């Protein structure tokens, strides 16, 4: 068996699906030498995952690829729920864009994968190896050794510092690590079909809550549609996926059932499962390798992309020597509880929306009818306030600094010194940032602390009220080098009013690591040293 002597990458990503490709794009952004191993020769040419949310698009914005992805995405798609008689009893249409993007967006996985793989070409230090699979894995304190088999049957050894397993729900790497996938496989199956050229005017995701046969219809880009129909226990899962059966199921909803093109049809089982561990030594599990979620709230892929957003910067920081290796342990501690909460919500949502019992369906319909009469409850449901947001208390955060600590900061537009309107994250950059609300953080730091934060690569940003300078040309600026922007829509003013403390330390994944006032700023560096490999004394020497 040969050893790959071309180079030893810092990270190997196993699996080039959307999560693996997203991870490789992020590692490429951070300059990490990365190899991606993918077993299949080509991208599967039909839709699979179809929903992408605002948090995921914010991640892709950081990766510099969101605008290109959005060329294939339908943004701001409502979710409508229908009774058996066709009456719409809920129109879930979140209007807020607190994180800079619409909350409900529809895409097709195969198009996104093409864009993500094309994005890897930006980085000479990232390589994609197709038709190769990992057949064995060993690790020790020095790194990970992978045995990789090529399409011709030849096997070689590839060594790396760390490995990310993004190899799907049946993850061979998870099996090699001996990690159990705990939870439930639901007994009821669903037949999923993707079609083209369906003649119907329904530009939404429709949940048809008909106890006779619950089903879902998803409006997809470029004249595609997806239907998912419940399969009853007495029905044959192969027969129900035949073209004739699919046309019978779709016929009540379209005007041209004989003319539609059936792209694919397949029967699926839903799973609610979570890996017992997300991190084993130097190997991290992400996406379906770490957790499987029913599709009812469209969070299967999005949960995996949250994994990417949480792990990528930690891996990069450790590889580059800026963060302590122990920081990687916080990937599991920060992600595990939220993954479980999202799966619980999906299970609850599915049970509520898709009962085959008429009495249960009547109770559900009554609940939503009452919700219309209670403005608070109506807003909670229709604005998707029921979706739990991550809130970290045990990880790369400094607890007790504010109510915002451990939560994602908003992303409004800001206006730069040259009058250009930009999203906040584009100003903050892809790494840590210290943001001052109407104050310059650098002005309140000692020379020692300035050197420390600069050595860690932290960016300093001062946010001022809109038009707070003397004139267009006479904007408020910094005497110390912080980038100054204006809160053009007053969104950050509202956020800082809700969360007092004019200075925040923002992580690369846009979660607040700490919030303080100008007097407490001097203590942040000493507290942050628990996570950073560089100490203030070392920065002072440098």
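Derivation of every value follows stated rules applied to the coordinates shown; laboratory data play no part. Because the structure is predicted, anything quoted here is derived from the model rather than measured. Cβ placement follows ideal geometry from the backbone for every residue including glycine, while neighbour counts extend to all protein chains displayed.
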- request: For the range 60-112, compute Rh as the Kirkwood radius over C-alpha pairs and then the Stokes-Einstein diffusion coefficient at 37 °C and 0.692 mPa s; write the answer in µm²/s, rounded to an integer.
  value: 254
message: At 1.567 mPa s and 4 °C, plugging the Kirkwood radius over alpha-carbon pairs of the range 97-178 into Stokes-Einstein gives what diffusion coefficient in µm²/s?
response: 82
message: From the P(r) of the chain, could you give the percentage of C-alpha pairs in the tail past 37 Å?
response: 36
message: P(r) for the range 398-493, please, calculated from all Cα pair distances in 5 Å bins and given in %.
response: 2, 13, 22, 24, 20, 12, 5, 1, 0
- prompt: In whole angstrom, how far apart do the alpha carbon centroids of the range 497-521 and the range 53-81 sit?
  reply: 27
query: Quick one: helix 109-120 against the long Cα principal axis of the chain, what's the angle to the nearest 10°, folded into 0 to 90?
result: 30
statement: In deg cm²/dmol, rounded to the nearest 500, the helical mean residue ellipticity at 222 nm of the chain, built from -39500 (n - 2.57) for every DSSP H run of length 4 or more, is -8500 deg cm²/dmol
statement: Two pseudo-spin positions, 7 Å from Cα along C-beta at residue 88 and at residue 266, lie apart in nanometres by 3.2
